[in-house]
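A quick write-up on the structure given underneath.
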Amino acid sequence: GYGRAAIDYQEGRTEEAQIDTRVRFNIDGSTTTDQGVDFGARVRLQYDDGNSNSTTSPGYVYVTSGGLTVSMGNVGTAFDSVGLLYESEVGLISRSYGNTQGSFYAFSTGGYGVENDRMGVAAEYSVGGFTGRLSYVDPDQTAGSPIGSSEEVGISIDYEWNQIQLSAAAVQNGAGIDNNDQYFVGAYYTMPGTSNGIGLNWLDNGPTAFDSQTVVLYGDYEVAPMTTLSAYIANNDAPGNATDNAFGIGAKYDLGGAILAGSIERGYNENIRSDMGIKFNF
Amino acid sequence: GYGRAAIDYQEGRTEEAQIDTRVRFNIDGSTTTDQGVDFGARVRLQYDDGNSNSTTSPGYVYVTSGGLTVSMGNVGTAFDSVGLLYESEVGLISRSYGNTQGSFYAFSTGGYGVENDRMGVAAEYSVGGFTGRLSYVDPDQTAGSPIGSSEEVGISIDYEWNQIQLSAAAVQNGAGIDNNDQYFVGAYYTMPGTSNGIGLNWLDNGPTAFDSQTVVLYGDYEVAPMTTLSAYIANNDAPGNATDNAFGIGAKYDLGGAILAGSIERGYNENIRSDMGIKFNF
Amino acid sequence: GYGRAAIDYQEGRTEEAQIDTRVRFNIDGSTTTDQGVDFGARVRLQYDDGNSNSTTSPGYVYVTSGGLTVSMGNVGTAFDSVGLLYESEVGLISRSYGNTQGSFYAFSTGGYGVENDRMGVAAEYSVGGFTGRLSYVDPDQTAGSPIGSSEEVGISIDYEWNQIQLSAAAVQNGAGIDNNDQYFVGAYYTMPGTSNGIGLNWLDNGPTAFDSQTVVLYGDYEVAPMTTLSAYIANNDAPGNATDNAFGIGAKYDLGGAILAGSIERGYNENIRSDMGIKFNF
């Protein structure tokens with residue numbers, strides 16, 4: 001799990017400067033059979049600002065053998081797990097206006113709410129530089145689908161080849177909403193012998209986000225030992241935008257066990273948001 | 001704790017085939033005094049299908065010394081803890097139509113609900129092949145009992161002697177309901193030098209289950225290394241049964257750290273239920 | 001964490017004798033950077049009688065370096081953390097009529113309830129025998145303060161010098177209530193070469209407790225190895241008291257890993273309360 005604490009500034013809201021904290025514990029159990037097959041299960045206990053109590057997530061169970069992992073329950077989905085999808089994020093809170101705006105299922109930290117009979121199945125296969133994922137989530141496995149609702153099906157692939165990473169994903173009926181289909185393609189190039197790189201993502205955000213498309217160009221550059229600058233420029237064509245262009249810049253300093261990070265972004269509403277704080281894993 | 005995942009088929013329900021998952025974490029704390037007395041406490045964190053979130057159980061506290069354990073709080077009860085009570089179960093989900101149909105208190109995983117002032121006390125004593133248990137649960141320790149409600153009192157014993165195990169239990173005012181008295185007697189014979197055996201259970205399920213009685217004959221047979229077949233035939237005389245006879249057969253394969261198991265049963269409603277899946281402890 | 005179980009007798013309530021149990025797990029995560037700075041986070045999982053389930057507290061995040069600890073989130077406050085504040089407590093359940101009766105924020109175990117946007121920041125600095133604390137809690141950091149509500153600010157210090165411990169604390173707008181200011185001063189003298197001692201506390205409980213003041217004189221005496229007697233006499237001038245004087249006496253026996261403790265107290269309502277039970281840390 002991890003902990004983080006930051007000052008979070010957002011122009012235009014009632015209290016523009018607020019404190020952001022998060023405490024995450026992944027509670028894992030696992031075992032390995034005599035044949036070398038791994039079985040495991042996870043529940044997450046997390047506190048996020050705005051909640052009265054920490055939340056206990058629904059759980060999932062998985063089996064891993066020879067590169068193939070199959071999981072059931074509150075699974076990570078193919079679309080949400082694809083590489084590069086969140087790669088343009090900057091700052092301590094890890095945000096980007098280049099992120100997807102569509103609705104789709106993912107591992108649920110806060111709980112299913114009224115969808116208490118949701119059930120997911122996911123499979124992931126890795127070999128060499130290739131990873132493929134399939135996922136299926138039924139909003140209510142105890143009943144047929146009501147009008148406007150359908151099972152979500154997702155697929156995604158990642159491929160690494162020398163300095164290039166390519167990722168692509170598609171999801172049908174995202175978040176169980178009929179015809180809420182979304183698509184993603186991303187590419188990232190790492191300069192040889194460095195951790196500096198540049199990436200380009202394209203997203204079709206689907207009907208819950210006005211069928212808007214997002215293109216984001218982003219990069220990372222190590223300006224000094226332990227210190228990385230990141231930046232992005234994003235374009236989104238949703239009808240309600242004050243501007244179609246957003247951008248952000250962030251810096252991370254590695255304390256060796258914790259990071260100090262901050263960012264400034266300007267959104268499609270022409271407002272500034274900014275954060276600065278610390279994050280550490282345990 | 002443990003994790004499990006299975007396909008669960010039940011004839012006649014809206015969606016006959018569903019996925020069953022469960023993730024259980026027992027969160028334990030314990031210490032041993034200089035005199036060798038063990039003190040401990042437990043809370044359970046569990047996810048079960050149909051819930052929006054994992055549930056955090058009420059807790060209990062125990063003291064163990066020289067074969068005697070006394071526990072207070074959300075205790076395991078004498079009736080629920082008796083040996084052989086659930087011994088006819090088959091399959092991955094561990095079910096049997098030969099199980100008790102009565103209502104009585106047990107360790108509460110999902111929480112007390114409106115009975116938030118419930119309080120239990122239990123004692124267990126083991127010596128040689130003998131184990132005896134007593135338990136007392138007050139549905140509301142902060143107030144007197146309303147009409148129709150009473151404290152539940154339970155008693156049970158297990159006795160092992162050579163190849164024979166005998167178990168018996170009784171509970172008065174089960175689940176805090178006046179006169180909801182239930183009785184259980186069971187016996188199991190293990191064939192010398194094997195883990196094969198045969199058992200017979202008798203249950204009086206009490207007034208919340210139409211005062212029905214259940215008799216179940218069951219057995220286990222290791223057909224191959226690591227592979228055990230189990231089966232039962234149960235008879236229950238509740239007035240609403242379509243048939244008074246139910247039966248089930250199951251198989252378990254030990255993967256060495258996990259089990260693969262499945263079963264087919266036919267119930268008193270003449271419907272089939274079946275499961276197949278994996279379970280692992282951690 | 002710890003577990004405890006006790007018989008709790010309180011004269012005049014519906015069921016005078018009840019069982020008290022508590023199970024507490026502090027779930028901690030922490031890491032240390034290469035520079036020797038400690039980062040950590042905590043969430044508490046606790047079961048207390050009267051609840052349907054164990055509760056998961058909100059969390060906090062902290063950073064410690066060279067005697068200074070800064071924490072954010074569900075923080076321990078300066079007033080609640082001051083030394084000696086609860087030092088007159090007796091018995092297994094740790095209660096005293098000499099305790100503060102005012103309202104102020106502290107680490108929340110049961111959750112924020114409707115104040116789900118509460119946010120606290122606290123700092124503690126220790127050097128030699130001196131410890132100083134500052135805390136600030138905003139009842140709702142996402143909005144301005146409604147009429148009658150304000151941010152709570154607290155300060156406290158502890159100082160140890162030879163056989164003397166001195167503590168003092170003040171809190172402004174306790175529990176976010178305007179003008180709910182409270183004050184505390186305490187002193188404790190330990191007899192040289194023993195763990196026997198005597199203390200005196202003074203409290204101004206603030207307007208939510210009728211602006212009453214409490215003075216409590218208390219002491220501890222080791223009557224035999226592992227066995228400590230404690231006692232207090234408290235005076236409080238709240239208008240509704242049947243008597244302004246309360247007192248208590250308690251005994252603790254150290255089992256080496258667990259304690260056996262009990263107490264008898266007589267309150268301002270002239271009723272007796274008493275407890276006896278066991279408590280153990282893990």
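The values are calculated or read from the model by the stated rules, or taken from the named source; none is laboratory data. Worth saying up front: this structure is predicted, and the values here are computed from it rather than measured. When we count neighbours, we look across all protein chains shown, and the Cβ atoms used for this are built from the backbone with ideal geometry, even at glycine.
Within the stretch B:33-44, being farther than 18 Å from B:V75 by Cβ and either more than 8 Å from chain C (Cβ to nearest Cβ) or in contact with an Asp or Glu (Cβ under 6 Å, 6 or more places away or on another chain) (or both) holds for one residue alone: B:G36. How about the stretch C:244-260: which of its residues are within 12 Å of C:E89 (Cα to Cα), of a type in the set (A, V, I, L, M) and crowded, with 18+ Cβ neighbours inside 10 Å? Passing the criteria: only C:A251. Of all positions in the stretch C:75-85, none carries a residue that is under 29 Å from C:N173 (Cα atoms), within 14 Å of chain B (Cβ to nearest Cβ), touching a strand residue (DSSP E or B) at 6+ places or on another chain (Cβ under 8 Å) and outside any strand (DSSP E or B). Would you check which residues across the stretch A:208-217 are closer than 28 Å to A:R118 by Cβ and outside any loop (DSSP other than H, G, I, E, B) and list them? The answer is A:T208, A:A209, A:T214. Of everything in the stretch A:1-53 that is aromatic (F, W, Y) and under 19 Å from the mean Cα position of the chain (by Cα), the residue that is surrounded by the most Cβ atoms within 10 Å (Cβ to Cβ) is A:Y47. Screening the stretch B:54-63 for residues that are without any contact (Cβ under 8 Å) to a residue 60 or more places away in the chain and closer than 26 Å to C:D254 by Cβ and picking the one that is farthest from the other protein chains (Cβ to nearest Cβ) gives B:Y62. Of all residues in the stretch A:234-258, those that are of a type in the set (A, V, I, L, M) and without any contact (Cβ under 8 Å) to a residue 40 or more places away in the chain total 4.
You will find that of C:D211, C:D220, C:D138, C:D117, the residue that is free of Cβ contacts under 8 Å to residues at least 60 places away in the same chain, buried (at least 18 other Cβ atoms within 10 Å of the Cβ), of a type in the set (D, E, K, R) and under 30 Å from C:T243 (Cα atoms) is C:D220 and no other.
On inspection, B:G128 does not qualify as within 30 Å of B:A6 (Cβ to Cβ) and free of Cβ contacts under 8 Å to residues at least 24 places away in the same chain. Filtering the stretch C:202-253 to residues that are acidic (D, E) and farther than 20 Å from C:Y188 by Cβ leaves C:D211, C:D237, C:D244.
Matching residues to (1) facing chain B (nearest Cβ under 8 Å); (2) over 24 Å from A:S149 (Cβ atoms); (3) not in a loop (DSSP other than H, G, I, E, B):
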| residue | (1), (2), (3) |
| --- | --- |
| A:T14 | no, yes, no |
| A:R24 | no, yes, yes |
| A:S52 | no, yes, no |
| A:L92 | no, yes, no |
| A:T100 | no, no, no |
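Of all the residues in the stretch B:145-179, those that are under 25 Å from B:V70 (Cβ atoms) and of a type outside the set (S, T, Y) number 19. Can you tell me how many residues within the stretch B:108-136 are farther than 12 Å from B:V153 by Cα, within 12 Å of chain C (Cβ to nearest Cβ) and β-branched (V, I, T)? The total comes to 2. Considering only residues in the stretch A:261-282 that are crowded, with 21+ Cβ neighbours inside 10 Å and among the basic types (K, R), the one that is farthest from A:P225 (Cα to Cα) turns out to be A:R273. Does B:E124 qualify as being acidic (D, E), in contact with a strand residue (DSSP E or B) (Cβ under 7 Å, 6 or more places away or on another chain) and at pLDDT 95 or above? When the stated conditions are applied, B:E124 passes them. Would you confirm whether any residue within the stretch A:160-174 is of a type outside the set (A, V, I, L, M, F, W, C), surrounded by 18 or more Cβ atoms within 10 Å (Cβ to Cβ) and assigned to a loop (DSSP other than H, G, I, E, B)? Yes, the conditions are met somewhere in the stretch A:160-174. If you filter the stretch A:175-207 down to residues that are touching a helix residue (DSSP H, G or I) at 6+ places or on another chain (Cβ under 8 Å) and part of a loop (DSSP other than H, G, I, E, B), you find that the one that is surrounded by the fewest Cβ atoms within 10 Å (Cβ to Cβ) is A:N179.
For the stretch C:3-23, the set of residues classified as in contact (Cβ under 8 Å) with a residue 40 or more places away in the chain and small (G, A, S) consists of C:G3, C:A5, C:A6, C:G12, listed by residue number.
Given the criteria within 14 Å of chain B (Cβ to nearest Cβ), surrounded by fewer than 16 Cβ atoms within 10 Å (Cβ to Cβ), closer than 30 Å to B:F282 by Cβ and free of Cβ contacts under 8 Å to residues at least 12 places away in the same chain, does A:G66 qualify?
Considered against the rule, which asks whether it is within 14 Å of chain B (Cβ to nearest Cβ), surrounded by fewer than 16 Cβ atoms within 10 Å (Cβ to Cβ), closer than 30 Å to B:F282 by Cβ and free of Cβ contacts under 8 Å to residues at least 12 places away in the same chain, A:G66 comes out as no.
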